[in-house]
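Step one of this worksheet: look at the structure below.
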Amino acid sequence: MTTPLALSQTAINFTYLVAAVLLIVGIRRLSAPPTARSGNVIAAVGMTIAIVFTFLDGDIDEYWLIAAGMAVGTVVGVASARLVKMTAIPQMVALFNGVGGGAAALVAASEFHRLAPGGGHLAGDDVGAMLFSALIGSVSFAGSLVAFAKLQELLPGRPIVFAAQQVTNAALFAATVACGVLAGATEDGVWMVLLLVGALLFGVLLVLPIGGADMPVVISLLNAFTGLAAASTGFVLENTALIIGGTLVGASGTLLTILMGRAMNRSLANVLFGAFGAAPPGGAAVAASTDGKSYREITAEDAAVMLAYANRVVIVPGYGLAVAQAQHAVRELADLLEKRGVDVKYAIHPVAGRMPGHMNVLLAEANVPYPQLFDMEDINPEFPHTDVALVIGANDVTNPAARSVPESPIYGMPILNVDEAANVVVLKRSMSPGFAGIDNDLYYNAKTAMLFGDAKSSVEKLVAGVKAA
Amino acid sequence: MSLLNSITIFVLAVFIGFEIISKVPAMLHTPLMSGTNAIHGIVLVGAMLVAGSADSTLEQVLAFIAVVFATVNVVGGFLVTDRMLEMFKRR
């Protein structure tokens, strides 16, 4: 039973070509700020074309199954994308990535069950591609779920390490691949199930030892994995849309992962196997040295006066601002200061927050004028002429240890040189260390004053103080 | 379609994938990751084809879950990317 509308394979492949062009143009536009939003829409149109014309494929005869699945998926997808808070977007991206990987693995498993009668009837390339999708898709699914759980704080964000971890992981991976080889050789479903289970377990173990601060890089890597898994299903189903769409993501995702790592001055190997932010070997020593140093506290009123009578102020936002949803209050403070003739700029570190671009998104939400936002390279030369650097919930990206302490896990990471400003005011909840789990010498600097409390209420107090000044 | 055709398309797509994002500012890293994340939801096409030709109950169940998962990936992925990018719009 086929639909009377069924198109020829040639016609469908032609629509796939149109879809592929739209996806490529979409990604290209996504990589430049003025065109990014339209790029996303163009890619979505390309995707819609591919999906609609797949419905007209003569091989499809279970419409109800597809329609029901798409209805459920649409409801879940729309609800989660609309309801998620801006601060929770990184873990939502992880989740969407995970289900994509899961879908690729399930497609492979289902095709394996349909086509493998047991006993070497499958073409070698088909079975190879199936097993690859099942393996990579499952790793991406399980790894993404762990990344989600870490960012959502269902699991501890710190690296989870145990003895002989890398040996265990390598052995598990080898065993999983062996199951895949046996599944291909015997076409026995049992080996396929073992392959899936092994790959899921490996995905979990791969991400567990990686610290929360590295999650964006990991999600980007798993994103590339899912792309390759999808492309691989295209080899099985001989479908150009799948090969092109999946491969584009596999390639651009790999490059993006490298670019993200570079912004943090970290190699991919270091992210995956470095156990970044693990309880530092000198943990006790670090804590002890904290005791020996003293920091200076400041009241909101005093800090407000300092800001109100400054000539140049640079605001350095970080994750604390995102958590407290302080972006609107910050905008109000900046507006007040500008009205008094203070020059206000924002210093945006490429990895401030928990995802690159996090701060741009939040400040844009509060309608902070785009020309006031400065990248790290552009703002760093300004700090020596800055009267007050106002650090709001940013920590590791301001840590001078990245410049001066070769033993530090963040040594070499480019930072914002806030310590070069005449005065530094740090808004922070407590003296606890940042995401990387290391102490920040900036806080013990003689020109630094600490204003403790929730970022939003602290900024609101500063607003009141500036009004009164 | 021969295996060689598939490999040809794959290799060309690898080059395009690398070329199109060679220069991207850090502020767009996350939206770009999220946008490409939506694009690998193209696996929905595969899930549809598999669901459409599923023979046994097991295959139907697997394919149904695959369709649900892939649809969440596509729909959620594009919407959440749009939400992020909405905030970049110039005033």
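The values are calculated or read from the model by the stated rules, or taken from the named source; none is laboratory data. Since the model is a prediction, treat every value here as computed from it, not as a measurement. All Cβ positions, even for glycine, are placed from backbone atoms using ideal geometry, and neighbour counts span all protein chains on display.
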Q: Could you grab me the full set of residues in region A:90-135 that are β-branched (Val, Ile, Thr) and within 26 Å of B:Met84 (Cβ to Cβ)?
A: A:Val93, A:Val99
Q | Residue selected from region A:197-233 under the condition free of Cβ contacts under 8 Å to residues at least 40 places away in the same chain and closer than 13 Å to A:Ser133 by Cα, by the criterion surrounded by the fewest Cβ atoms within 10 Å (Cβ to Cβ) | A | A:Ala224
Q) For region B:45-53, does any single residue satisfy the condition of being without any contact (Cβ under 8 Å) to a residue 24 or more places away in the chain and either surrounded by fewer than 22 Cβ atoms within 10 Å (Cβ to Cβ) or of a type in the set (Phe, Trp, Tyr) (or both)? A) yes
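Looking for whichever is touching a strand residue (DSSP E or B) at 6+ places or on another chain (Cβ under 7 Å) and surrounded by 16 or more Cβ atoms within 10 Å (Cβ to Cβ) here; the options are A:Met355, A:Met359. Which one fits?
None of the others qualify; the one that does is A:Met359.
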Q: For region A:391-422, name all the residues that are modelled with pLDDT of 90 or more, surrounded by fewer than 23 Cβ atoms within 10 Å (Cβ to Cβ) and not in a loop (DSSP other than H, G, I, E, B).
A: A:Asp419, A:Glu420
Q. Among (1) within 12 Å of chain B (Cβ to nearest Cβ); (2) of a type outside the set (D, E, K, R); (3) in contact (Cβ under 8 Å) with a residue 12 or more places away in the chain, where does A:Ala123 come up short?
A. (3)
Q: Scan region A:55-77 and report the pairs whose first residue is touching a residue at least 60 places away in the same chain (Cβ under 8 Å) and surrounded by fewer than 21 Cβ atoms within 10 Å (Cβ to Cβ) and whose second residue is assigned to a loop (DSSP other than H, G, I, E, B) and not polar (S, T, N, Q), with Cβ atoms within less than 8 Å and a gap of 6+ or a chain change.
A: A:Asp61/A:Met1
**Q.** Residue satisfying condition, being buried (at least 22 other Cβ atoms within 10 Å of the Cβ), at pLDDT 95 or above and farther than 18 Å from B:Gly76 by Cβ, within set A:Val25, A:Val107
**A.** A:Val107
Q) Only one of these conditions is not met by A:Val351: (1) closer than 24 Å to A:Ala449 by Cβ; (2) within 14 Å of chain B (Cβ to nearest Cβ); (3) of a type in the set (Val, Ile, Thr); (4) in contact with a helix residue (DSSP H, G or I) (Cβ under 7 Å, 6 or more places away or on another chain). Which number is it? A) (1)
Q. Which of the residues belonging to region A:436-463 are buried (at least 21 other Cβ atoms within 10 Å of the Cβ), touching a helix residue (DSSP H, G or I) at 6+ places or on another chain (Cβ under 8 Å) and in a loop (DSSP other than H, G, I, E, B)?
A. A:Ala436, A:Ile438, A:Asp439, A:Asn440
Q) Is there a residue being outside any helix (DSSP H, G or I), among the charged types (D, E, K, R) and at pLDDT below 90 anywhere in region A:370-386? A) yes
Q) If you scan region A:18-38, which residues turn out to be more than 7 Å from chain B (Cβ to nearest Cβ) and in a helix (DSSP H, G or I)? A) A:Val18, A:Ala19, A:Ala20, A:Val21, A:Leu22, A:Val25, A:Gly26, A:Arg29, A:Pro34, A:Thr35, A:Ser38
Q. Which numbered condition trips up A:Ala174, out of (1) over 22 Å from B:Ser53 (Cβ atoms); (2) crowded, with 19+ Cβ neighbours inside 10 Å; (3) not acidic (Asp, Glu)?
A. (2)
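Tell me yes or no: at least one residue of region A:220-231 is within 21 Å of A:Leu154 (Cα to Cα), assigned to a helix (DSSP H, G or I) and not polar (S, T, N, Q).
Within region A:220-231, one or more residues are within 21 Å of A:Leu154 (Cα to Cα), assigned to a helix (DSSP H, G or I) and not polar (S, T, N, Q).
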(Q) Restricting to region A:110-120, name every residue that is buried (at least 24 other Cβ atoms within 10 Å of the Cβ) and either more than 7 Å from chain B (Cβ to nearest Cβ) or among the acidic types (Asp, Glu) (or both). (A) A:Glu111, A:Phe112
(Q) Kindly evaluate A:Gly102 against the criterion of being in contact with a Ser or Thr (Cβ under 8 Å, 6 or more places away or on another chain), of a type outside the set (A, V, I, L, M), within 12 Å of chain B (Cβ to nearest Cβ) and without any contact (Cβ under 8 Å) to a residue 40 or more places away in the chain. (A) yes
